[in-house]
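**Student:** The structure under discussion is supplied below as structure tokens; questions concerning it will follow.
The values are calculated or read from the model by the stated rules, or taken from the named source; none is laboratory data. Model, not experiment: these values are computed from the prediction. Every residue, glycine as well, gets a Cβ built from its backbone with ideal geometry; the counts of neighbours run over all protein chains shown. Ligands, DNA and RNA are excluded from the accessible area calculation, which covers all protein heavy atoms including side chains. Shrake-Rupley method; radii C 1.70, N 1.55, O 1.52, S 1.80 Å.
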Amino acid sequence: MSAAPREAGSTTDPTTTVCRAGGIERALELVLAGLARDEDELLGDLAEGRAEVASAQGERAARRWWLAQALRAAPSLAWHELVHRPAMLLLGLAGFVLWVWMVSLAYAPSDEQAYDFAHPVIPSVSRVIRDTVVVGTGNLLAAAIVGAAVAALARRVRLVPALVPAALMALISSRHAFYIAYRPGTCTISNNGSLKECSLELGAWSRDVVVPVLWQLPTMMILLPLATALGGLAVIAWSRRRQAKSSVRPPAEPGPA
């Protein structure tokens, strides 16, 4: 991983492993810290390797080298932990179940729809949009809470269990919208004027929806996993700050003899 082996006895502060790091580097540093069992060693290797490349080829080349190494390491670290540590997979599955339960308890818009052909009652477009925003925001908050919860329960590689519910959320979001309001549907009348049959097409592709919901599918495929990962990264950032503060705490002064 590093450009050269680390010298024995060298230490690197995990909070300053990337010199003059930008936002992308800081985000990737948090991701790697949440995927590696020994973040000090991994980030230390990257920092020393970047310094060596910078002294030989310049800072721009060093930045490209660091990004390439980080992007290459992240998937392999995550896959290794998921395969060799089943507890991380089980914790992630538990987080997904927790998210489903939280969503089921969240705000549910009252149903004003009456599927009566003679006097149909249809919710207004403004109300449907408002309820869609409320329900979507609730789903995202629940995802962030789940990501933070599973990351806090994992002692190491805190981000790995959060990847499991994130992937499952993206999977179900590719097929089902999180909130749909339908019109009364289509009804047919018999020859004597009585109601014969009514049909309602269900699903995200239905022509009977009040407001189109297809935009929810790609949107939530991205936002739900992102909210879950951000919840986990928030716990990782808090944990690293706490460790940094404890490492620089001055030793207690000896008491009087």
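**Student:** Beyond 17 Å, what share of the Cα-Cα pairs of region 36-89 is found? Please give it as a whole percent.
**Tutor:** Here the tail beyond 17 Å accounts for 45 percent of pairs.
**Student:** Given a Förster distance of 25 angstrom, what is the FRET efficiency for ARG64 paired with ARG37, based on the Cβ-Cβ distance and rounded to 0.05? The partial results should precede the final answer.
**Tutor:** Values: r = 27 Å, r/R0 = 1.06.
Between ARG64 and ARG37 the formula returns 0.40.
**Student:** Could you compute how much accessible surface THR132 exposes when probed at 1.4 Å, giving the result in Å² to the nearest 10?
**Tutor:** Its accessible surface works out to 10 Å², give or take rounding.
**Student:** Rolling a 1.4 angstrom probe over the protein chains, ignoring ligands and nucleic acids, what is the accessible area of ILE24 in square angstrom, nearest 10?
**Tutor:** Here the residue's solvent-accessible area equals roughly 100 Å².
**Student:** Can you pull the one-decimal nm distance between simple spin-label points at TRP238 and LEU214, each 7 Å off the Cα toward Cβ?
**Tutor:** 4.1 nm
**Student:** Cut-off 11 Å, label point 7 angstrom out along Cα-to-Cβ of LEU171: give me the residues of region 66-85 whose amide nitrogen falls inside.
**Tutor:** Once the point is set 7 Å along Cα→Cβ of LEU171, nothing inside region 66-85 turns out to lie under 11 Å by backbone N.
**Student:** Roughly what would the spin-label model give for GLU52 and VAL100, points 7 Å off Cα along C-beta, in nm?
**Tutor:** Output for this residue pair reads 4.9 nm.
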